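*Asks:* Handing you a structure now.
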């Protein structure tokens, strides 16, 4: 309980020795809880102190501003001269490369963010085509070109594979990937992996080049390698991003992305 000569029983925030607490109605200080007051969220540690700045909560870094208001929406924050990125839900990104609005970043083990430079793609014709599509928020062009069927902006028309094939076609290099059609449609991600297995087209991620095809997860997603630099591999992907059908059942876009080369998200790289 909180007392300033007299036990406080009215609910509200109090400050003592520079630390902020929340007194519940009746006098008890709230501890070890996330709670909401007037549509704002706060977090009190086991001693009742309202958390501020960057701190660990249930094993993950989180951020609350100087007033103690916890940030649970996605976005960048600054604290003690460093920049951090908060995911939707409140966790700060750590030990991961990521892209926001087609700009690549990396977060270290403490969540501190550094902006990365995008490689130029070495003039690769496939990547030049892909670059021209960054920002497109529908897969209609790629889907209709390949499947010749009606497109709907839902997860019923996943178009990442069709985007890859379209870029090769527009670059005048479609013949490099057509042999893969022996194993299924080019709009179907496992087709690329089956082709690479049969023709030994997998290459080391350290040897990845602009225009290579990159496969993710258990053949769940596919994109194009824009380039590499140091420990990072940069990509251009269709049907991707925070609203992508891949994993969220919502329409995606053509985006730039970046990964650490040791990312568990990457299945491998194919050079057709």
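What follows draws every value from the coordinates through simple rules; no lab data is involved. Owing to the predicted nature of the structure, the values given are computational and were not obtained by experimental measurement. Heads up, the Cβs are rebuilt from the backbone with ideal geometry, glycines too, and the neighbour counts pull from every protein chain shown.
*Asks:* Tell me which label goes with the value of semi-axes √(5λ) of the Cα gyration tensor in Å computed from the coordinates here: [x] 29, 22, 15; [y] 47, 23, 15; [z] 49, 19, 14.
*Replies:* Matching the structure shown: [z].
*Asks:* While we're on this one: So between residue 220 and residue 182, what do we pick up on full extension, going 0.36 nm a residue minus the alpha carbon distance?
*Replies:* Computed gain between residue 220 and residue 182 is 11.7 nm.
*Asks:* Another question about this same structure. Would you mind telling me which residue in 13, 35, 151 has the biggest mean-square fluctuation in a Gaussian network model of the chain, where springs connect alpha carbons within a distance under 10 angstrom?
*Replies:* With Cα springs under 10 Å in the chain, the top fluctuation among 13, 35, 151 is at 13.
*Asks:* Could you work out the relative contact order of the chain? I mean the mean sequence separation of Cα pairs under 8 Å and 6+ apart, divided by the number of residues, in percent.
*Replies:* 13 percent.
*Asks:* A further question on this structure: Highest first, please rank the peptides 174-183, 228-237, 82-91 by the mean number of other Cβ atoms sitting within 10 Å of their residues. Don't jump to the answer; show the numbers that get you there.
*Replies:* Working: 174-183: 15.3, 228-237: 20.2, 82-91: 16.8.
Sorting 174-183, 228-237, 82-91 by mean packing, highest first, produces 228-237, 82-91, 174-183.
*Asks:* Can you give the extra length, in nm with one decimal, that the chain gains between residue 108 and residue 194 once fully stretched, where that is 0.36 nm per residue apart less the Cα-Cα distance?
*Replies:* Gain on extension, residue 108 to residue 194, equals 27.4 nm.
*Asks:* Among 256, 36, 112, which one shows the highest mean-square fluctuation when the chain is modelled as a Gaussian network with alpha-carbon springs under 10 Å?
*Replies:* Greatest mean-square fluctuation among the candidates belongs to 36.
*Asks:* Computed FRET efficiency, Cβ-Cβ of residue 94 and residue 229, R0 22 Å: what is it to the nearest 0.05?
*Replies:* 0.60
*Asks:* For residue 148 and residue 80, what is the calculated FRET efficiency with R₀ set at 41 Å and r taken between the beta-carbons, to the nearest 0.05?
*Replies:* Plugging the Cβ-Cβ distance into 1/(1 + (r/R0)^6) gives 0.15.
*Asks:* When ranked by the protection proxy of mean other Cβ atoms within 10 Å per residue, highest first, what sequence do the peptides 113-120, 188-195 form?
*Replies:* With the highest mean Cβ count within 10 Å placed first, the list reads 188-195, 113-120.
*Asks:* Measuring from centroid to centroid over Cα atoms, what is the spacing of the range 152-182 and the range 13-48 in Å?
*Replies:* 55
*Asks:* Report the full-extension gain for the segment residue 67 to residue 262: residue separation times 0.36 nm, less the Cα-Cα distance, to one decimal in nm. Could you put the intermediate results ahead of the total?
*Replies:* Values: separation 195, 0.36 × 195 = 70.20 nm, distance 3.83 nm.
Fully extending the segment from residue 67 to residue 262 adds 66.4 nm.
*Asks:* Express the relative contact order of the range 121-270 as a whole percentage, based on alpha carbon pairs under 8 Å and six or more residues apart in sequence. Don't jump to the answer; show the numbers that get you there.
*Replies:* Details: 307 pairs, mean separation 40.5, N = 150.
Relative contact order comes out at 27 percent.
*Asks:* Set the Förster radius R0 to 25 Å, insert the Cβ-Cβ distance between residue 11 and residue 55 as r into 1/(1 + (r/R0)^6), and round the FRET efficiency to 0.05.
*Replies:* Details: r = 24 Å, r/R0 = 0.96.
Approximately 0.55, to the nearest 0.05.
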